[in-house]
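What follows is a set of notes on a single structure, which appears directly below.
The values are calculated or read from the model by the stated rules, or taken from the named source; none is laboratory data. Quick caveat, the model's predicted, so the values are computed rather than measured. Using ideal geometry, Cβ is built from the backbone for each residue, glycine included, and neighbour counts are taken over all protein chains shown. For the accessible areas, the whole protein counts, side chains as well, though only heavy atoms, and no ligand, DNA or RNA atoms are used. Shrake-Rupley method; radii C 1.70, N 1.55, O 1.52, S 1.80 Å.
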Amino acid sequence: MHIVLPRAHWLAEGSIGVSEPNPRVGCVLTGSDGRTLGEGRTDAAGGPHAEVVALRTAGHDLHGATAYVTLEPCSHHGRTPPCCDALIAAGIARVVVAIEDPNPLVAGQGIARLRAAGIEVEVVDGEWGRASRELNIGFFSRMIRKRPWVRMKIAASLDGRTALENGTSQWITGEAARIDGHAWRKRAGAILTGIGTVLEDDPRLDVRLVDTEVQPWRVVIDSRLELAPVARIVQPPGRVLVYCSLDLTQAEAAARAKALSDAGVTVRSLPGALGKVDLAAVLDDLAANFEINELHVEAGHKLNGSLMRECLVDEFLVYLAPTMIGLGREMARFGPLEQLSQALALRYESVERVGDDLRIVARPPGRADF
């Protein structure tokens, strides 16, 4: 039953790195005999959604056809007109939806409008509903929790070291793991790091090892605005965001902010306690003002520790290399523990081999239950 939904889901996966901040959606149109008449996936923001792409590719009389869609067709005017209206106008007789849209502007209203037009609508949920939700976990997070889904990437040796005693960390894992890591970067609307990592490694923090149509925002937590306008993370200009804790009305802070602004960097001040940046407020701001669905964290032990202490990490993406670096200063510690019961408990979502390394995806239990 619903053998077309796997194809629609595969199409939706093609929207990764394309549709941000819109959800990743696939649509397949079939005739009464089961033949595929058209199909599509959501294009770049401002472009057509999956349903409209499928309708345009059909080239047939679609009266009586069935549309299989991985997410409820939208019912509101956003960057594009409502998809449910396009399906109604095309004469679609039946719509099979994997899961309802969590966007409050839709949230069942698309289904209601289709039914009001006499179209049979079935919401499958189940396996393919879960698959669509997982593919769009960041979109669901932003719509429901008003914050991005935060994924922290860590590369470590088998004994848990993320760097040598002198700070050297390139490269603990192999080439296959690095390519895979860039595929996960591609999923994100933004990549986050701290000023310590920028000053020490001068990273580009972009997607290079896999093809992508859209580069994520590059975000730096930089309490005192120490970022240099010539840093590699600032090149090319645009889609670079820095959060500081300074009063930008003060002369020195304003001068630093202007130098970065002139280099194409967006500077925002969100002061927290002890002169630090308010990290929870950063997540709120990224969701509300930059429409970030998934936030990919690649940072050092200080920022990682702060995010973990504040329980802001939803998922850990860990690559373990088959090497033993040995004892030394702990690089990934996020606070001294007195009892094992104080340790952060996680649940494995997947464990897979990537080249010579292991990739582990783990979450705090119940973290995705929203």
For Glu120 and Val210, calculate 0.36 nm times their separation in residues minus their Cα-Cα distance, and state this gained length in nm to one decimal.
28.3 nm
Quick calc: nm separation of the 7 Å Cα→Cβ label points for Ala280 and Gln235 -> 4.0
Grab the Cα-Cα distance for Asp262 and Gln339, subtract it from 0.36 nm times how many residues apart they are, and report the gain in nm with one decimal.
22.8 nm
Relative to the compact globular guide of 2.2 N^0.38 Å, what is the alpha carbon radius of gyration of the range 12-119, as a ratio?
0.96
First measure r as the distance between the Cβ atoms of Glu310 and Glu252, then evaluate 1/(1 + (r/R0)^6) with R0 = 41 Å and state the FRET efficiency to the nearest 0.05.
0.90
Residues in the range 286-313 reached by a label modelled at Leu199 [backbone nitrogen below 15 Å; 7 Å Cα→Cβ]:
300-303
Counting only residues 5 or more places away or on other chains, whose amide H sits under 5 Å from the amide H of Ala155 once H atoms are built in the peptide plane?
Tyr319
Spin-label proximity, Glu127 to the range 1-20 - amide N less than 17 Å from point 7 Å beyond Cα toward beta carbon:
1-11
Beyond a 21 Å Cα-Cα separation, which of these cross-linked pairs lie in this structure: Lys186/Lys258; Lys153/Lys302; Lys153/Lys186?
Lys186/Lys258
Taking Cα atoms only, Rg over Rh for the range 187-259 with Rh from the Kirkwood formula is 1.00
Top to bottom by accessible area (1.4 Å), largest first, where do Thr249, Thr70, Thr36 land?
Thr249, Thr36, Thr70
Count the DSSP beta bridges whose two residues both fall in the chain, then state the antiparallel fraction as a percent rounded to the nearest 5.
40
In Å², rounded to a whole number, the accessible area per residue of the range 183-267 with probe 1.4 Å is 46
Enter the mean projected area of the convex hull around the alpha-carbon atoms of the chain, in nm², rounded to one decimal.
20.4
Between Ile3 and Thr323, what is 0.36 nm times their sequence separation minus the Cα-Cα distance? Round to one decimal in nm.
110.8 nm
Charge dipole of the range 220-370 about the Cα centre (unit charges at C-beta), most positive-ward option of Ala368, Thr323, Tyr348:
Thr323
Summing +1 per Lys or Arg and -1 per Asp or Glu among the other residues with Cβ less than 12 Å from Leu205's Cβ gives +3
For the range 77-145, compute Rg over Rh where Rg is the Cα radius of gyration and Rh is the Kirkwood radius from the inverse mean 1/r over Cα pairs.
0.98
